[in-house]
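Colleague: The structure's right below; bear with me while I get my questions together.
The values are calculated or read from the model by the stated rules, or taken from the named source; none is laboratory data. Quick caveat, the model's predicted, so the values are computed rather than measured. Every residue, glycine as well, gets a Cβ built from its backbone with ideal geometry; the counts of neighbours run over all protein chains shown.
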Ligand SMILES: Cc1cc2nc3c(=O)[nH]c(=O)nc-3n(C[C@H](O)[C@H](O)[C@H](O)COP(=O)(O)OP(=O)(O)OC[C@H]3O[C@@H](n4cnc5c(N)ncnc54)[C@H](O)[C@@H]3O)c2cc1C
């Protein structure tokens, strides 16, 4: 198998790596690589920071190992290679009446990446995280040998591989439980929300399966926390809607595009696209679940310096006050982009290092400018003192010290990973930055 020297980045384009990359197409090639030069796997590089980077070392691009292995139309159990994307699974199976039970906000995430971050969707309060629907995983370890992991049979390794950021080895394939979908159309109710208290009440009261809030992170004062709430269900018996053509951002955008006055103006108009009384609309599944995927390379909108996403989850009791302080600080700083999301999370944490906990999650994108890292450090400190945690799939800045305080199962994770990969073959830039594996490695 050929290795190529390559430079690659996380989705935020702030963290970069150069090193060797291999892109095997066959399982035998993958195993041979892992035997000769065990290296961490990468999916579609949709994690924002340095999680899938390995500066100076090797990285195994899994995107050609993307075959469907088996599907049972009675039970909805799908087995597939790890490089298949969630979007491809939707394209193939939605017309047959099945979709993955949990889907992140991009269809470009691979099955392996979705497991490795135990991703959550807009239905976490109902269905839990992605890993809760993983039935088995074929994991190839540093020796090149594969093992089948299940929740009951190999609980330690299973719970350290789900949400384990690739530290136990390379996920070759997995079997997942899909859910039935009555059509390829979502019935969406959009409501305008005037402020944070109303937002949290509506999120708590919603009985919809899929709920997500867009929040105007530039608003301050009386408008703090205003936004749009989307509550959606899959519509039974709906006729398909025509696909819209994807667009692309061809080059890095100039800095003024996301300057504070333009973002404020954009947000004001965006809010008003929903009438005061709200409205019902229909959307294609993919447009609802993966709204940004229609704009290819949208990360170039932040220009060459790239961007950061801050995403935290806050427990129910501390969230209301903490969100007020966070949004006030973000609004005053004047650096937020239009991309800001508020969601409710429920029970359902399938891995030791899974991000989710019952509460609310706030995600805000910031262009990478002089004040951005200090602002995110402040938000990180607020998260920690509120008993919340930062989502590592989005992080490029967190300090190693915070990790253990936010992730209480870290010592167990480290013990299990140390046994699975004693020589640290699957270490990544993030794992080194956060001392994810502990001092022993
Ligand atoms: C627009 C957008 C919206 C998003 N919305 C959400 C959301 O709603 N919810 C959410 O939870 N996340 C969300 N994300 C984050 C994204 O879903 C995760 O970062 C996901 O893990 C990316 O998958 P990937 O295949 O690109 O993995 P990569 O980013 O390439 O890798 C992520 C991690 O998985 C490991 N990995 C990848 N493949 C394998 C494998 N085969 N075996 C072992 N380890 C592997 C890598 O080593 C790395 O640690 C979003 C990202 C974007 C860009």
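Colleague: Give the residues of the stretch 30-45 that are surrounded by fewer than 24 Cβ atoms within 10 Å (Cβ to Cβ) and either within 14 Å of the ligand (Cβ to nearest atom) or not in a helix (DSSP H, G or I) (or both), sorted by residue number.
Modeller: 31, 33, 37, 38, 44, 45
Colleague: Out of all the residues in the stretch 242-287, which are farther than 19 Å from residue 190 by Cα and in contact with a strand residue (DSSP E or B) (Cβ under 6 Å, 6 or more places away or on another chain)?
Modeller: Once the filter is applied, which keeps residues that are farther than 19 Å from residue 190 by Cα and in contact with a strand residue (DSSP E or B) (Cβ under 6 Å, 6 or more places away or on another chain), the stretch 242-287 yields 246, 247, 248, 258.
Colleague: Which one of 163, 223 is closer than 21 Å to residue 360 by Cβ, out of contact with any strand residue (DSSP E or B) (no Cβ under 8 Å at 6 or more places or on another chain) and within 16 Å of the ligand (Cβ to nearest atom)?
Modeller: It is 163.
Colleague: Conditions first: (1) closer than 30 Å to residue 254 by Cβ; (2) outside any loop (DSSP other than H, G, I, E, B). Residue 381 passes all but one, so which condition is the exception?
Modeller: (1) is the only condition that residue 381 fails.
Colleague: Restricting to the stretch 131-142, give me the number of residues that are away from the ligand (no atom under 12 Å from the Cβ) and either part of a loop (DSSP other than H, G, I, E, B) or at positive phi (or both).
Modeller: Adding up the residues that qualify gives 1.
Colleague: Next question. Going by the structure shown, is residue 128 at positive phi, more than 14 Å from the ligand (Cβ to nearest atom) and modelled with pLDDT of 95 or more?
Modeller: Here the answer is no, as residue 128 does not meet what is asked.
Colleague: Looking at the stretch 166-184, which of the residues that are in contact with a strand residue (DSSP E or B) (Cβ under 9 Å, 6 or more places away or on another chain) and within 13 Å of the ligand (Cβ to nearest atom) is farthest from residue 67 (Cα to Cα)?
Modeller: Filtering first and then ranking leaves 168.
Colleague: Moving to a separate point now. Go through the stretch 304-361 and report how many residues are part of a helix (DSSP H, G or I) and over 21 Å from residue 387 (Cβ atoms).
Modeller: 3
Colleague: Looking at (1) part of a helix (DSSP H, G or I); (2) at pLDDT 95 or above; (3) farther than 17 Å from residue 168 by Cα, can you tell me which one residue 114 breaks?
Modeller: Condition (3) is where residue 114 drops out.
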